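Notes follow the structure.
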Amino acid sequence: MKHTFIIAEAGINHNGSLDLAKKLIDTAVIAGCDAVKFQKRDIHEVYDPDTLAKIRESPWGATYLEQKEGLEFSGDQFGYIDNYCKENNIEWFASCWDLNSQKFMRKYDLKYNKVASPMLTITPLLEEIAVEGKHTFVSTGMSTLEEIDTAVGIFKKHGCPFELMHCVSAYPLDNNTANLNMIHTLRRRYAKNVGYSGHEKGLQISLAAVAMGATSVERHITLDRSMYGSDQAVSIEPDGLIRLVRDIRIIDAAMGTGEKILNDYEQVHREKLAVPYWVTK
């Protein structure tokens, strides 16, 4: 039976709070997700000094630097997350935005890697990820097919298992630009599993992606969409996540094998209905 791999993207919606991160993990576990994902950045590698010096009001201060520092977890905090996820039998991993962060995450011996859409064209990072040989989810937002070709080539060169994720990098995604048929395009072009990473409001597009054969679904999660943070408004709250997982599993079970099978229920109805009286007169 089809089993869609469901990723609850906690991202930076924890707002730098371990207590909030724990609740997001709990939310993913209760809903029945396969994994929860975070993000990791070395701020001084990802952002230039001028950007970090800009004014940006946040709960942590008045500059971009203070905001970014407030949203990042330390090694000890990620260690807590690692232990907490193990205790609750859920996989976790992170999308890293720089080489230092990718190397840092190796200490946790995680099963999966993730390439965020903005990182798809960063060849040194792709190489660093691919040499690990872990199953990698590769988001394809804000990229061209030629750029995806290059990324796919890197993972194939290293023999690293991967699946692409159709993604449109809009926050929120307009339903009319979801372009779900790209799932078929990517599958035909690369002969690989293709998942879906969504930023839309609601659940319908994600469910449609599963019905179209998406092998994985990633959605941002939050405890409350009104909380501080750039991703909160396009995230799914706990009740919505429960419905999403429930409906994905229903679709998984309904997909079947594609073989024409006369099952026991049909056999009973066939005997009752398939030969009308007028045929036997």
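Some points to look at:
- Trypsin sites (Lys or Arg not before Pro) lying in DSSP loop within region 38-88, provided at most 15 other Cβ fall within 10 Å: Lys54
- Candidate lysines for bridging to Lys103, where Cα separation is under 22 Å - those fewer than 8 sequence places away on the same chain excluded: Lys37, Lys40, Lys68, Lys86, Lys111, Lys114, Lys134, Lys156, Lys157
- Using the Cβ-Cβ distance between His158 and Tyr265 with R0 set to 51 Å, the FRET efficiency from 1/(1 + (r/R0)^6) comes to roughly 0.60.
- Positive-end residue, the chain charge dipole about Cα centroid, Cβ charges, pick of Phe73, His135, Asn15: His135
- The label-point distance for Leu99 and Tyr80, in a model that sets each label 7 Å from Cα toward Cβ, rounds to 3.2 nm.
- Each part reduced to its alpha carbon centroid, region 132-182 and region 189-205 end up 10 Å apart.
- Relative contact order, whole percent, for the chain stands at 19, derived from Cα pairs under 8 Å and 6 or more residues apart.
- Pairs of Lys residues in region 160-281 that lie 8 or more places apart, or on two chains, and have C-alpha atoms under 28 angstrom apart add up to 4.
- Least to most buried among Thr280, Thr136, Thr177 (fewest other Cβ within 10 Å first): Thr280, Thr177, Thr136
- Kyte-Doolittle mean at least -1.0 and Cα axial length at least 15 Å: DSSP H helices in the chain: 18-31, 145-157, 238-255
Read-outs throughout are calculated quantities, based only on the coordinates presented, and are distinct from any laboratory measurement. Here the structure is a predicted model, which means the values were calculated and not measured. Note that each Cβ is placed from the backbone with ideal geometry, even for glycine, and that neighbours are counted across all protein chains shown.
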